[in-house]
Amino acid sequence: AEESITFTVVFRDNHKFEEIHKKKEEEKNNEAITANNLGKYKKGKNLGTFRVTGYCPCRACSGRYGRHTSTGAIAKANHTVAADNRVLKAGTWIIINNKLYRVEDVGGAVKGKKIDIFVNTHPETFTLGFDYANVYLAVRK
């Protein structure tokens, strides 16, 4: 049974988007693994509170790189994050809001305790907004 979800986005940076319609099934496919299903991982050390934002493959967010990350990986929505390599090294698995992510990218604006979560479309970046969250090192069970 397909069910549509409709929500309104609060806009910034002079971008104009009306509404976003998402199918629940698509959302499930793009979600990061939740805490109830972290697979081989569990929460480890609390790395502190980070500023969490979103980025996408558009030119405004990723310039000419699109989905190509600094590690050579192809960015995947709700899996790939960009972080400052002085704070979190590439390849590190982390947990934010009970979701598992992997550090696979860096960014010009990603300095210190800031993390950018990769999403598929620019309007989705607005749903993340600017938030602060505790970040945990993901460790094998």
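Within the range 115-141, residues that are within 27 Å of residue 58 (Cα to Cα) and touching a residue at least 60 places away in the same chain (Cβ under 8 Å) have Cβ atoms under 6 Å from residues that are open to solvent by 20 Å² or more (accessible area, probe 1.4 Å) and of a type in the set (Phe, Trp, Tyr) in these pairs: 123/17, counting only partners at least 6 apart in sequence or on another chain.
Looking only at residues in the range 74-91 that are open to solvent by 60 Å² or more (accessible area, probe 1.4 Å) and of a type in the set (Val, Ile, Thr), the one that is nearest to residue 120 (Cα to Cα) is 74.
Quick one: would you say residue 39 is at pLDDT below 90, open to solvent by 60 Å² or more (accessible area, probe 1.4 Å) and part of a loop (DSSP other than H, G, I, E, B)? No; evaluated as a whole, the condition is false for this residue.
Could you identify the single residue in 49, 71 that is open to solvent by 30 Å² or more (accessible area, probe 1.4 Å), in a strand (DSSP E or B), hydroxyl-bearing (Ser, Thr, Tyr) and within 17 Å of residue 115 (Cα to Cα)? First the steps, then the outcome.
Working: 71 fails: in a strand (DSSP E or B).
Exactly one of 49, 71 is open to solvent by 30 Å² or more (accessible area, probe 1.4 Å), in a strand (DSSP E or B), hydroxyl-bearing (Ser, Thr, Tyr) and within 17 Å of residue 115 (Cα to Cα), namely 49.
Somewhere in the range 128-135, is a residue hydroxyl-bearing (Ser, Thr, Tyr) and open to solvent by less than 60 Å² (accessible area, probe 1.4 Å)? There is no residue in the range 128-135 that is hydroxyl-bearing (Ser, Thr, Tyr) and open to solvent by less than 60 Å² (accessible area, probe 1.4 Å).
Just the residues that are outside any strand (DSSP E or B) and without any contact (Cβ under 8 Å) to a residue 40 or more places away in the chain, please, taken from the range 98-114. Listed by number, the residues that qualify are 106, 108, 109, 110, 111, 112.
The values are calculated or read from the model by the stated rules, or taken from the named source; none is laboratory data. This is a predicted model, so every value here is computed, not measured. Glycine also receives a Cβ, built like all others from the backbone with ideal geometry; neighbour counts cover every protein chain displayed. Note: accessible area is taken over every heavy atom of the protein model, side chains too, but ligands, DNA and RNA are not part of it. Shrake-Rupley method; radii C 1.70, N 1.55, O 1.52, S 1.80 Å.
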